[in-house]
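Asker: Okay, here's the structure, questions in a sec.
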Amino acid sequence: MCFIRDRFKIAASRNDIIGLDIATTSIKFAVLGNSRSSCQLKHYSTEAISGFNEESIVKTSTELAALIKRMLAREKISTKKCIVALPDILVNSKWIRIDKSATENLEIAINLAVEEHIPYPLDAIYFDYQVFDIPDQNYLKVFLVACRKEHLDVRLEAIYKANLIPLFIEINSHALERAYIYLYPEYSKKPCALLVISDNQLTFLFLEAARQIHSYSERICNLIDKAMVLKKIHRCIHT
């Protein structure tokens, strides 16, 4: 599965697509319908998950699949193609530079960079990347995205058991960035910071004027403790 490169293949699709987010405490889905002029939100639903955590997810794919089926049946959704959202807390992403002299052996250079910058062995992760050519510079900018296989495998297993077809893997902060630019194009060329406080994580998304993305995410143990949440936000802003 690809995080980045396959995304553009379906950008102009006119078929309905399900956006599916399997977090640690809830499942959310949205059905988007594309037309010639706009993207329309047709359905949205969310449901809590009990007894699900990242340490025991391998045991729960059948239950997750059953819950997804019930949610889709309840909303009378017949579409099968979906985009799988992955929480930022489970993802490593990093901007790196690669010398242009390595272009002919780019895959080897990328693998070496992943081994250097991602704190897991290659056989334990899925990773993807996007390359940006910088004019008048002797290097390429590369955006790396990686996650541990067990976090994605159980989600994909549940999705296949629910008879859905995953097209590519989305990262929550990346989806937020595109939604922000789509909904507020007048601000898309200005630097800004977006903050998402979900049921179990805090995510900052920093958008630079050159469309370079930096994200930071950490867990929230107790969302009710507002003082603790504010302290985390303050620390992130001043780091």
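The values are calculated or read from the model by the stated rules, or taken from the named source; none is laboratory data. Since the structure is predicted, the reported quantities are computational estimates derived from the model, not experimental observations. Here the Cβ is made from the backbone with ideal geometry for all residues, glycine too, and neighbour counts use every protein chain on show. SASA here: full protein model, heavy atoms, side chains in, ligands and nucleic acids out. Shrake-Rupley method; radii C 1.70, N 1.55, O 1.52, S 1.80 Å.
Asker: Hand me the list of strands (runs of 3 or more DSSP E) wholly inside region 80-186 holding 1 or more residues that are over 26 Å from Glu208 (Cα atoms), in contact (Cβ under 8 Å) with a residue 12 or more places away in the chain and not aromatic (Phe, Trp, Tyr).
Answerer: Working: elements: 81-86, 91-99, 125-133, 139-148, 165-171.
It comes to 81-86, 125-133, 139-148, 165-171.
Asker: Counting only residues that are out of contact with any strand residue (DSSP E or B) (no Cβ under 6 Å at 6 or more places or on another chain) and open to solvent by less than 20 Å² (accessible area, probe 1.4 Å), which one in region 9-23 is modelled with the highest pLDDT?
Answerer: Within region 9-23, the match that is modelled with the highest pLDDT is Ile22.
Asker: Which ones in region 62-83 are open to solvent by less than 90 Å² (accessible area, probe 1.4 Å) and within 17 Å of Thr25 (Cβ to Cβ)?
Answerer: Of everything in region 62-83, those that are open to solvent by less than 90 Å² (accessible area, probe 1.4 Å) and within 17 Å of Thr25 (Cβ to Cβ) turn out to be Leu64, Leu67, Ile68, Met71.
Asker: Then there's this: So the check is Cβ under 8 Å with 6+ separation or different chains; which pairs have a first residue in region 64-79 that's under 15 Å from Ala48 (Cβ atoms) and a second one that's at pLDDT below 90 and in a helix (DSSP H, G or I)?
Answerer: These pairs meet every condition: Leu64/Val154; Leu64/Arg155.
Asker: Separate question: So in region 89-124, with the set limited to residues that are under 22 Å from His151 (Cβ atoms) and among the hydroxyl-bearing types (Ser, Thr, Tyr), which one is modelled with the lowest pLDDT?
Answerer: Result: Ser93.
Asker: Something else: If you take the residues of region 193-239 that are loosely packed, with under 14 Cβ neighbours inside 10 Å, under 20 Å from the mean Cα position of the chain (by Cα) and at pLDDT 75 or above, which of them is farthest from Ile22 (Cα to Cα)?
Answerer: Restricting to residues being loosely packed, with under 14 Cβ neighbours inside 10 Å, under 20 Å from the mean Cα position of the chain (by Cα) and at pLDDT 75 or above, the top hit is Ala193.
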